[in-house]
Amino acid sequence: MTLQNKVKKQVLKQVLNQVSAQVRNQVRNQVLDQVRNQVLDQVWDQFSDQVSIQVRDQVRTQVWNQIWDQVREQVFNQVRNQVSNDLRK
């Protein structure tokens, strides 16, 4: 084997190693990006669902409490007025 062939072989080996390393890094980075994005999407979906449920429950509770307060006040006022009217008679 001539010196020129040895140099060619060594250069090709180095280029192949560099290309292999670049491809490995690109594939690894793509896989990591995909996994990270999937995990982030799942976490966001779970968080979003939990927040939606909590907000819905809070709103429902607040609305129920407001309705109950209004009904209680109306009933109290009606009873008070009726008692007051009965006492005047």
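Report, to the nearest whole %, how much of the accessible area of the chain belongs to carbon and sulfur atoms, 1.4 Å probe, protein only.
The nonpolar share, carbon plus sulfur, comes to 56 percent.
Just want the answer: with Cβ charges of +1 for Lys and Arg and -1 for Asp and Glu, which residue in Asn77, Gln26, Thr2 is farthest toward the dipole's positive end in the chain?
Thr2
All other residues with a Cβ under 15 Å from the Cβ of Ser20 taken together, and with Lys, Arg as +1 and Asp, Glu as -1, what is their net charge? Show your work: numbers first, answer last.
Working: positive: Lys13, Arg24, Arg28; negative: none.
Overall, the nearby charge balance is +3.
Work out the length of the dipole vector of the chain about its Cα centre, built from +1 on the beta-carbon of each Lys and Arg and -1 on the beta-carbon of each Asp and Glu, and round it to the nearest 20 debye.
800
Under 10 Å, Cα contacts only: if you run a Gaussian network model on the chain, which one of Leu32, Leu12, Leu40 comes out with the highest mean-square fluctuation?
Looking only at Leu32, Leu12, Leu40, the biggest GNM fluctuation is shown by Leu12.
Can you bin every Cα-Cα distance in segment 24-89 into 5 Å intervals starting at zero and give me the percent of pairs per bin, rounded to whole numbers?
Pair shares across the bins are 3, 14, 8, 10, 7, 8, 7, 6, 6, 5, 6, 4, 4, 3, 3, 2, 2, 1, 1, 0.
The values are calculated or read from the model by the stated rules, or taken from the named source; none is laboratory data. Note that this is a predicted model, so its numbers are computed, not measured. Note that we place each Cβ from the backbone using ideal geometry, even for glycine, and neighbour counts take in every protein chain shown. These accessible areas exclude ligands, DNA and RNA; they are computed on the full protein's heavy atoms, side chains included. Shrake-Rupley method; radii C 1.70, N 1.55, O 1.52, S 1.80 Å.
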